[in-house]
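*Asks:* Before we start, here is the structure in question, set down as structure tokens.
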Amino acid sequence: MTEETPGFDEKPDVPSGATPEDAESKAASSASAEGAAPAGDASAQNAGLVAQLDQVRTALGERTADLQRLQAEYQNYRRRVERDRVSVREIAIANLLTELLPVLDDIGRAREHGELLGGFKSVAESLETVAAKMGLQQFGKEGEPFDPTIHEALMHSYAPDVTETTCVAILQPGYRIGERTIRPARVAVAEPQPGAQTGKAEGDEGSTSDAADDKENGGPDEG
């Protein structure tokens, strides 16, 4: 059994008869071969890492796009739910207040006749306050122009002192919630007299004609 002598490096095998230069050349070629092999392995490894990095970037871009799409869909869903919730609430309030309109009409008639007294007055005012808090607004006044989109004409007449179709009496007030009309104002309307404008125009024309005749004749005779 042989023992290695410490402190001595192993040298490459040299054929018998070879010179020391041959031994050094063989050692140098072995060293260059060993150095070339790791360099090639590192280049292949770097190429593999670059390919993996590209795959990870592509996957990350796809996941990011999916997340953005889901977030946009969620935001649209929230807006739609909120819009539907508000719409349902407005419809429910409108239906409730529509059922209360006859009661409010009775309260208004009692107030006009001086019958809104005592405890009945307190209850009526509380009901009107609650209805106003829920967004109910009353409209319709005498003397305002007739608007078929918010007025319902139940009576019709002619009047010499109006220049357009006018509400001359409010038979039932109208009610709205915001911009939504839940009942039009029921009114009596009056229109201008059919011959009033014509007669006025003829009178003006006659006055103009007389003035022209006086001018042609030299004016009225001086006394």
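No lab work stands behind these numbers, since they all come straight from the coordinates. Here the structure is a predicted model, which means the values were calculated and not measured. As a convention, Cβ positions derive from the backbone with ideal geometry for all residues, glycine included, and neighbour counts pool all protein chains shown.
*Asks:* Fully extended, how many nm does the chain gain between Arg109 and Glu82 (0.36 nm per residue separation, minus their Cα-Cα distance)? Provide the component values of the computation, followed by the final result.
*Replies:* On the way: separation 27, 0.36 × 27 = 9.72 nm, distance 3.99 nm.
The Arg109-Glu82 span can extend by a further 5.7 nm.
*Asks:* Taking only the Cα atoms of segment 109-168, how large is their convex hull per residue, in Å³? It would help to have the intermediate numbers written out before the result.
*Replies:* Values: hull volume 6.9 nm³, N = 60.
Given the Cα convex hull of segment 109-168, per-residue volume reads 114 Å³.
*Asks:* Using θ = phi - 60° and the Karplus curve 6.51 cos²θ - 1.76 cosθ + 1.60, what whole-Hz ³J(HN,Hα) does each residue of segment 86-101 get, with Gly and Pro shown as x?
*Replies:* 5, 5, 5, 4, 5, 5, 5, 5, 4, 5, 5, 5, 4, 5, 8, 4
*Asks:* Charges on Cβ only, +1 for Lys and Arg, -1 for Asp and Glu, centred on the Cα centroid of segment 104-146; of Gly118, Gly108, Met134, which one is farthest towards the dipole's positive end?
*Replies:* About the Cα centre, the residue reaching furthest to the positive side is Met134.
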